[in-house]
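Here the structure is laid out as structure tokens; the discussion comes afterwards.
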Amino acid sequence: MGLTISNSDFDGNTEYSASCDGRHYWGGFLLYGETTQISLVNNFIHKTSGRSPKIGGSADQNVVVHAANNFFSDNSGHAFDVAASAYVLAEGNYFDTVTTPNLDDEDGNFFVPTAASDCVSSLSRDCELNVLTDSGTLAGYNEDAVKNILSSYTTQIGGYSVAAASKLSAATANFGVGSVSSSSATTATSTDSTAASESSSVSSSAATDATLSVS
């Protein structure tokens with residue numbers, strides 16, 4: 001199954017907080033599947049305290065995720081929780097005030113490029129680095145396993161143009177329920193564009209069509 005989650009506002013504000021700080025622990029993401037490919041792009045994920053997202057976790061699954069150009073903000077716990085049988089490339093994402101950008105799980109596979117050239121061997125293109133401000137460390141693990149998987153997605157992931165990491169605003173036309181305009185580049189609006197080279201961590205350019213689709 002192929003799934004795209006894009007241009008969405010995931011607001012973790014809650015009165016029923018497992019972390020007792022008004023933040024949702026699950027963050028809205030539990031990405032599992034026996035054979036599943038997911039593009040997670042141009043989303044605003046904020047006011048959470050963990051598992052934002054949680055990916056994989058069972059030996060009988062195979063989950064491949066391309067996480068690009070998302071804005072993670074105001075997370076008192078952790079963002080990425082990449083577990084067993086999950087293969088994740090994170091590039092061009094912006095982390096602002098995220099205590100722990102990712103957990104380290106020896107059973108998971110998480111690729112976080114630290115140089116633009118890190119993606120060339122597997123995707124035949126440069127990566128876009130992640131940017132972190134007032135946040136913990138974003139670090140990959142078992143990255144070679146992800147690179148091996150990515151070589152099978154040179155069209156889907158290698159052919160996607162990732163933009164430089166930037167903050168996104170929820171006050172844009174394409175966030176929320178309703179019709180989607182023809183340009184994600186204008187609706188997934190940058191409020192504080194920062195060149196990814198200023199901090200180390202992942203790349204492709206905003207898609208020309210902003211959609212939430214299942215194929």
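Taking 23 Å as the straight-line reach from the Cα of Lys167, the lysines in range (excluding those fewer than 8 positions away in the same chain) are Lys47, Lys54. Each DSSP beta bridge with both residues in region 44-93 is either parallel or antiparallel, and the antiparallel ones are about 0%.
Bear in mind that the values in this text are calculations on the coordinates, not laboratory data. Just so we're clear, the structure is a prediction, and the values are computed from it rather than from any experiment.
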